[in-house]
Each structure stands twice: as structure tokens, then as C-alpha cells.
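Participant: Would you mind keeping the following structure in view while I ask a few things?
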Amino acid sequence: MNKQLFFNQVLSQHLDAGPLVAHLDAFAKVLSGQGYAKSTTKRKIQAVSKLSQWLQKRHLVIEDLNESCINKFIRYRKKRNRLRRGDQLTFKQFIYFLRDKSVLSALTPEIKDSEIQRIENSFARYLQQERGLSQSALNNYLPAVRRLLTDRFSDRKIIFNELRPRNISSFIIRYAHTRDHRCAQIMTSALRNFFRFLYMRGEIDTDLAAAVPTVPKWRFSKIPKFLQPEQVKHILQGCDKSTAMGQRNYAILLLLARLGLRAGEITHMELDDILWETGELIVRGKSSREERLPLPHDVGQAIATYLRDSRPHCSSRRLFIKMHAPLQGFSNSVAVCNIVSRALAHAGINIEFKGAHLFRHTLAANMLRGGATFSEIGEILRHQLPSTTEIYAKVDIKALHAIALPWPGGDV
């Protein structure tokens, strides 16, 4: 069926649907462009038309539409048992669509006047502007600060100079054991940054960062998990390259195996990051660093095949796109880790660590066995500090046997 004819048939049922009807046609075309099936598009248009009729009955205009208004309509539909699965997502998509088209003004963040919220906002600006930290880092740091202030001051006025080293130590001891090792480290790092921030602003007379206890990292307590070369080959061969998803996943796994990229770096990679003429790949790593890496021939071939035959047509500039509507890039790096996990399961490989970093460890281990130096490994993996690469010293067990001292009292 002709797309325009389909849109006309859907929209003809809703011509008197209130203030939103003028935008249903464009919204339907956007949904179609995102890969939604005709039946799904029809359901979404019907849901928005019901919203439009509800607005009309209450003498509301399109400028009155916002999240609060949507929530009222959702409650209204729930009470009458008429809210269908997927409707809430549809309303969210529609309001984003209107803002993208400048029909509605951009969302103004809700301003909370609580004292803790003001402190958090100020600390967040410091972390972003002075420290250059990402939004994900802020999401990890701010809850620790809120918990400390809530725990120490409760509903009282916050007076920072009342904080004492013993308060900090007892807080960390009380909460660190309820979290895993990595979360405890993030919490202590957040508090150190917070106390430095307060000291720089003159809110406290003494830099309390030194009063934050250290959570042992135990960086060398375990041998890094890695795959054998034949296992990597088996995983790559297990990709079904006759399907669109298989071609996409094969390209992703090759990037992990050949270049040791991080999951997040693959997630945010864009079409313009592939420099075909020079045979290079732009990688945006940690701390917003941007580097160029050589593009291996087999990786380039896999990406080219995916782009030519399998990448869905959509407006997103992300290199790797979801195969189901809405057609857009991955939401986060978890999607890449899930691809790795499924590939391992399909290959029949059962290993404790199943994340995307497994291939990064494997590349480092293979380079070490091939005679590469730690500085060379650090350069390929783009480590900022040599100490980050030192963990791979434990991978070469034979070399460690040669330098290990005999155990006291044991056989010579």
C-alpha cells in the first residue's frame, strides 16, 4: 500500500480530533521513518487523537501540552481502564516530536528550591566545568553527596563547618559494607571531590578530603580474564552473516577483538568517524579524548558490508543502529555487552566475565604473548597511566614462573 494513502486512511478517522490533529500527519511519517509497522503507527496515531479530543473537551490548546498535562490524561485513561500498553511511550514520543519541530518550547528543567538540591546543582557545575566529568560520572557522584548531607543534617540547616572527620568515617563505614567494592570506591571518590569543592569555595576551613578513608583497590588480586585465540575465532565464525543483525554484531565483535575498543566507544561511534580515504577510525574515549586508530582491513570490510546491506535507513548518525523500531542508536553500552554475552553463549564458551572488556583483556594478553612491551600495549589500549597496563603482567604465567622465588621450606 502507498505510504501516503495509508496515512490518509489513518488520519481520516481523526479529522475532528482537536488541537493536535494538524500534527498527526507529520508524526505518522516520523514513526514510519523510525521503522514502526503500519499497525503500530495506526495505534499510536489513535492514542494521540484520543489525547487531542481530551484537550478539546477541556478547552485546552496545544501550548498547554506538557508532562503534567500528559500525566493527568494517563490517570484519566487508567481510571476508565482504557490505557493500552505502549500509550505512555507514544505520548512521550509525541511531545518530543513537537519540541523538535519547535511547536512547543524546549523543556525547562524543574527547579527545586531545597538546600540540598542547590548544593548538588552547584557541585555538578563544578564537576562539569572545572573537572570535565561526564554526565554518567555526575550520576554516580551526586547520590553519595545527597546521602551524606541527609544523614548528617536531616531536616536541619546545613552548616558545613559542623562536619568532622569522625562524622565522615562513621558514614562511610556504615554505608560502604552495604555496597559492592566498586560502588564503595565511587562513593569515597565522590566525597573527596565534594570536600575539595567546599574547601575551594571557602565553605569549610579545613580540606576534609584527607579524612575520607581509602577503599582498597586490590588491582592485582585477580588474573584478568581473557579468551584463547581459537575461542575468538570460534565466536566470530558463529555470527550469522546472512542476517542483518548478524552482520551488525559481527562488525561490533571485530572492533572489540581487533582494536580492543570499550563498549561505550562503540555505542557512540558515528558514521563520520570512519575515515575511508585514510583508512582510520576516530575513537572518542574517556574524558572526551578523541584519537585516531588505523582501520584494519577485515574490520573495514565488515563495517562496509553492514552499511551497504544491513544498516536500517534512518536519520540517526550513529554507526550501529537497533534493528527494531524506533530505529536509533543504542541507548547505552549495555547493548554492546549483551551482544558479547549472547555471542559467548552461542559459541558454548562459559566464562565468569562476559562483558565487552573481555575482548580488551584478550587483545592485551595476545600482544604480551607475542612479545609486545607494556608501553606498546598501553598505547594500543590508550591507557593514560602506565599503572593501568601493569595488571597484564600476571597474564604471562610462564614468565612469572621464571622469576618467582622458591617458597620458604619448600622443595628446591
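Participant: Can we say Asp272 is of a type outside the set (Gly, Ala, Ser), closer than 20 Å to Gln228 by Cα and outside any strand (DSSP E or B)?
Facilitator: no
Participant: Might you let me know whether region 301-320 holds any residue that is of a type in the set (A, V, I, L, M, F, W, C), outside any loop (DSSP other than H, G, I, E, B), modelled with pLDDT of 95 or more and surrounded by 18 or more Cβ atoms within 10 Å (Cβ to Cβ)?
Facilitator: Yes, that holds for at least one residue.
Participant: So, in region 342-362, exactly how many residues are surrounded by 15 or more Cβ atoms within 10 Å (Cβ to Cβ) and either of a type outside the set (D, E, K, R) or in the same structural domain as Gln93 (by TED's automatic domain parsing) (or both)?
Facilitator: 11
Listed here are the residues, each with its yes/no results for (1) surrounded by 15 or more Cβ atoms within 10 Å (Cβ to Cβ); (2) within 24 Å of the chain's Cα centre (by Cα).
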residue	(1), (2)
Ser242	no, no
Arg248	yes, yes
Trp276	no, no
Val283	yes, yes
Arg292	no, yes
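Participant: Taking Ile321, is it over 30 Å from Phe94 (Cβ atoms) and among the aliphatic types (A, V, I, L, M)? Give the steps one after another, and end with the answer.
Facilitator: Details: over 30 Å from Phe94 (Cβ atoms): no; among the aliphatic types (A, V, I, L, M): yes.
In short, no.
Participant: Here are the criteria: (1) under 30 Å from Ile159 (Cβ atoms); (2) crowded, with 16+ Cβ neighbours inside 10 Å; (3) not hydrophobic (A, V, I, L, M, F, W, C). Tell me which single one Lys44 does not satisfy.
Facilitator: Of everything listed in (1) under 30 Å from Ile159 (Cβ atoms); (2) crowded, with 16+ Cβ neighbours inside 10 Å; (3) not hydrophobic (A, V, I, L, M, F, W, C), Lys44 misses just condition (1).
Participant: Which of the residues spanning region 280-300 are in a loop (DSSP other than H, G, I, E, B) and modelled with pLDDT of 90 or more?
Facilitator: Leu295, Pro296
Participant: Here's another thing I want to ask about it. Please indicate, with yes or no, whether at least one residue in region 261-268 is at negative phi, among the charged types (D, E, K, R) and under 19 Å from the mean Cα position of the chain (by Cα).
Facilitator: Within region 261-268, one or more residues are at negative phi, among the charged types (D, E, K, R) and under 19 Å from the mean Cα position of the chain (by Cα).
Participant: While we're here: Pick out the one residue from Leu261, Leu236, Leu253 that is assigned to a helix (DSSP H, G or I), of a type in the set (A, V, I, L, M, F, W, C), within 17 Å of Arg360 (Cβ to Cβ) and touching a residue at least 60 places away in the same chain (Cβ under 8 Å).
Facilitator: Of Leu261, Leu236, Leu253, the one residue that is assigned to a helix (DSSP H, G or I), of a type in the set (A, V, I, L, M, F, W, C), within 17 Å of Arg360 (Cβ to Cβ) and touching a residue at least 60 places away in the same chain (Cβ under 8 Å) is Leu253.
The values are calculated or read from the model by the stated rules, or taken from the named source; none is laboratory data. Quick caveat: nothing in here was measured; it's all calculated off a predicted structure. A quick note on method: Cβ atoms are made from the backbone with ideal geometry, for glycine too, and the neighbour counts reach across all protein chains shown.
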